[in-house]
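Right, one structure below, let's go through it.
The values are calculated or read from the model by the stated rules, or taken from the named source; none is laboratory data. Model, not experiment: these values are computed from the prediction. As a convention, Cβ positions derive from the backbone with ideal geometry for all residues, glycine included, and neighbour counts pool all protein chains shown. Please note that ligands, DNA and RNA were not included when accessible areas were found on the heavy atoms of the full protein model with its side chains. Shrake-Rupley method; radii C 1.70, N 1.55, O 1.52, S 1.80 Å.
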Amino acid sequence: MDPSVSEDFRNYLIKVRDFVQKELDPIHMAVEREAEIPEDVVEKMRRLGLFGLSISKTYGGLGLTTLEEVLIYEEITQTNACYRSRIGTSNGIGSMGILYDGTEEQRRHYLPRVASGEWTAAFALTEPDAGSDAANISTRAVLDGDCWVLNGTKQFITNADTAHVFTTIAVTDEVKKTSGGVTAFIVEQGMAGFSVGPADIKMGFKGSHTHELIFKDCRVPRENVIGGMERVGQGFKTAMRVLDKGRLTIGACAVGASQKVLDLCVDRVRQKLAFGTPKADMQSVQFALADMATQIYAARQMLYNTARRKDEGQNVTHEASMVKVFCTEMASRIADKAMDIFEEDGILTSSRIEMFLRDVRLYRIYEGTSEIQRIIISRHLLNKKRE
Ligand SMILES: Cc1cc2nc3c(=O)[nH]c(=O)nc-3n(C[C@H](O)[C@H](O)[C@H](O)COP(=O)(O)OP(=O)(O)OC[C@H]3O[C@@H](n4cnc5c(N)ncnc54)[C@H](O)[C@@H]3O)c2cc1C
């Protein structure tokens, strides 16, 4: 346990660990098979405060620091990744725009409901022709009397089926685009002209659903511009700030999954015989485990260090990109190596390894692919003045 965290937080983390082991992990296979987290389990997640980890206490959340949030995610991702996804948008991309840039009225209206889990918050930026190139979004919003009228399509929107609140990014000035022509809106489920398409059938995160969103003359009240009418045109900044935070939490998910995979490998080689002795006696296996543990140790240190620095108010943009790219690529290497260690049993769902292998691949895509993280890091290096 990191020595800098409080006693209260330690107790909370123990509760979460217990919940993961007793309630979430035993049903991880059923959740995978049914591609659904049972509602009674979601209700227990609500009661444990998991939907309000990062929302400040003023608005009903737990107000955890970045480091504390990272530690919670490391626990939750040691089982099926979709549990974290279910709470991830409410704690991150779905609500942070309102927390950072919303008006006081918006914060008081939406955040307590999101923090309690009554409402799930989602984030809608990606479009068929605008993923990494987020500046290329084509969803349009035009002011018409008291409402903005939105037209366009978003895709891969996590938790769209359960969300009530969607932080939605749209173009409000074609000429200015990302320099003052993109605006963030709060769209609510049920608004006229807004609909959610069928769930995508994905290789991983089966119990967490992504969907297309369709805006067809969707009328959104003026007061639903995040930050009010004076923040019209500032939505790209909001979106980038929100995504910045996510890089550390996804790093934590990758570390949690990697730790679980290593633990499974250690158990496996202690039990499995090869040439009449436990596989654990083979030096090639011992070295593979040592390499996994060393990588996880390195990843964890960079993750905690960057989280601590962020909590101190330092700018960690490029370090957060390093954390995301290093931790998520490490998780793929570790899950791949685990397939070697488990041999043919690794392909069986009962081994859990094939699920981790599929799931951790997704961490390298969303909230900025590995290539985009490398662009951020290299830009920082090349733009830095010589000291
Ligand atoms: C599980 C999951 C959940 C998601 N949830 C959400 C959500 O809730 N809300 C939301 O808005 N979006 C969400 N997304 C979408 C996600 O953010 C995008 O998939 C991601 O940004 C990549 O965009 P793209 O898929 O359009 O790929 P593209 O941008 O088309 O990229 C394709 C490939 O080209 C590479 N590439 C792109 N540009 C460059 C470049 N300049 N230099 C080098 N290589 C480059 C990319 O790294 C990638 O390998 C989710 C995606 C997944 C997989």
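Comparing 175, 41, 70 in a Gaussian network model of the chain, where Cα atoms under 10 Å apart are tied by springs, the biggest mean-square fluctuation is seen for 175.
Here the dipole of segment 272-312 is about 120 debye; that uses its Cα centre as origin and unit charges on the Cβ of Lys and Arg (positive) and Asp and Glu (negative). With a simple spin-label model that places each label point 7 Å from the Cα along the Cα-to-Cβ direction, the separation between residue 23 and residue 333 comes to 3.6 nm. Here the chain is assigned +1 on the Cβ of each Lys and Arg and -1 on the Cβ of each Asp and Glu. Its dipole about the Cα centre then comes out at about 800 debye. Calculation over all alpha carbon pairs of the chain in 20 angstrom steps from 0 returns a P(r) of 28, 57, 14, 1 percent. For segment 249-282 versus segment 5-47, the spacing of their alpha-carbon centroids is 22 Å. Here segment 7-116 is assigned +1 on the Cβ of each Lys and Arg and -1 on the Cβ of each Asp and Glu. Its dipole about the Cα centre then comes out at about 200 debye. The HN-Hα couplings worked out from phi for segment 204-213 by the Karplus form 6.51 cos²θ - 1.76 cosθ + 1.60 (θ = phi - 60°) are x, 6, 4, x, 10, 9, 10, 9, 7, 10 Hz, whole numbers, x standing for Gly and Pro.
Placing 119, 148 in order of accessible area, with the largest value first and a 1.4 Å probe, yields 119, 148.
Modelled spin labels at residue 381 and residue 36, positioned 7 Å past Cα toward Cβ, are 4.8 nm from each other. Just the protein heavy atoms count here, and of the accessible area of segment 121-233 at 1.4 Å, carbon and sulfur take up 51 percent. Take residue 7: with every protein chain present and a 1.4 Å probe, its accessible area is about 120 Å². Residue 304 exposes around 20 Å² of accessible area when a 1.4 Å probe is run over every protein chain in place.
Axis of helix 370-383 versus longest Cα principal axis of the chain: the two differ by about 70°, to the nearest ten degrees. Here's how it looks for residue 148: its modeled amide H is under 5 Å from those of 220, 222, which are all 5 or more places away or on a different chain. Cross-link pairs exceeding 25 Å in C-alpha to C-alpha distance, out of 245/384; 272/337; 57/260; 57/154; 22/337, comprise 57/260; 57/154; 22/337.
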